[in-house]
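Visitor: Quick one: the structure is below, and I'll ask about it shortly.
Coordinate-derived values only; no laboratory data. All of these numbers come straight from a predicted model, not from anything done at the bench. Using ideal geometry, Cβ is built from the backbone for each residue, glycine included, and neighbour counts are taken over all protein chains shown.
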Amino acid sequence: MVREATLEDAHAIQNLICFYSEDGKMLFRTLDEIVQSIADFLVYEMQDEVVGICSLKFGWDKLVEIRSLGVDPRYHRQGIATKMVQGSIERALLRDDCDTAFVLTYAVPLFTKFGFEIVDKIQLPQKVWNDCQACLHKDNCDETAMSLSLLPLKKLATLKDSEKVLYS
Ligand SMILES: CC(C)(COP(=O)(O)OP(=O)(O)OC[C@H]1O[C@@H](n2cnc3c(N)ncnc32)[C@H](O)[C@@H]1OP(=O)(O)O)[C@@H](O)C(=O)NCCC(=O)NCCS
């Protein structure tokens, strides 16, 4: 199930981040950084084990970034990331301070399923690129920028309660 992370999840979150940051698939975060931003994280728990993580960064001109999305390789292609992205969108829809979600990703089809569209990275505000300074691929970024307007979803409230993966 998808749920909000608690401080007890910090080590498990860091383990997955470390695993994927080694080859540059994810930005490294210290345990302290994870603890400080634990409220931003969602986790996917399976049999008392955290096997998926994702975080949301709010605060950029009504933009919210979905980041640090990763699933334990033992459980790939079982729909876990799909549920985490859905949970992230549900969480963003509850907020008044964002109207667009974006992601920098290697998994374009995963986000296309939710209506994200490829955008030119140049369209993202400069502040977004601060994090890139710490990325292994900063001079040769091979991620695709994608964005999704949340306004139609907010207006239509299309996520029926019974279909929610978070707060259900
Ligand atoms: C990308 C990742 C999070 C996907 O997790 P997952 O739980 O296996 O994803 P799902 O099972 O929900 O996949 C749903 C769909 O997303 C797409 N998808 C999944 N993994 C993908 C990948 N590595 N590349 C491209 N598309 C991918 C596929 O269309 C898939 O549907 P299918 O299985 O019917 O073909 C996982 O492979 C991972 O942790 N990768 C390393 C970390 C990473 O790259 N993070 C950045 C992502 S923003």
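Visitor: From the convex hull of the Cα coordinates of the chain, what is the mean projected area in square nanometres?
Guide: Result: a mean projected hull area of 9.5 nm².
Visitor: Just rank Cys54, Cys141, fewest to most, by other beta-carbon atoms within 10 angstrom.
Guide: Fewest-to-most Cβ neighbours within 10 Å comes out as Cys141, Cys54.
Visitor: Now for a different question. Given a cut-off of 18 Å, name the pairs among Lys62/Lys154; Lys121/Lys154; Lys57/Lys113; Lys57/Lys155; Lys83/Lys113 whose C-alpha atoms lie farther apart than that in the structure shown.
Guide: Lys121/Lys154; Lys57/Lys113; Lys57/Lys155
Visitor: Give the separation of the Cα centroids, the stretch 26-47 to the stretch 87-121, in Å.
Guide: 19 Å
Visitor: Please list, short to long, the whole-number percent of alpha-carbon pairs of the stretch 33-95 in consecutive 5 angstrom bins beginning at zero.
Guide: Percent of pairs per bin, in order: 4, 17, 28, 24, 16, 7, 3, 0.
Visitor: Name the most mobile residue of Ser55, Ser149, Ser68, meaning the one with the largest mean-square fluctuation, in a Gaussian network model of the chain with Cα contacts below 10 Å.
Guide: Top of the fluctuation ranking is Ser149.
Visitor: When the helix-only estimate is applied to the chain (DSSP H runs of n ≥ 4, each -39,500 (n - 2.57), divided by the residue count), what is the mean residue ellipticity at 222 nm, nearest 500 deg cm²/dmol?
Guide: Taking each H run of at least 4 residues, the total per residue is -7000 deg cm²/dmol.
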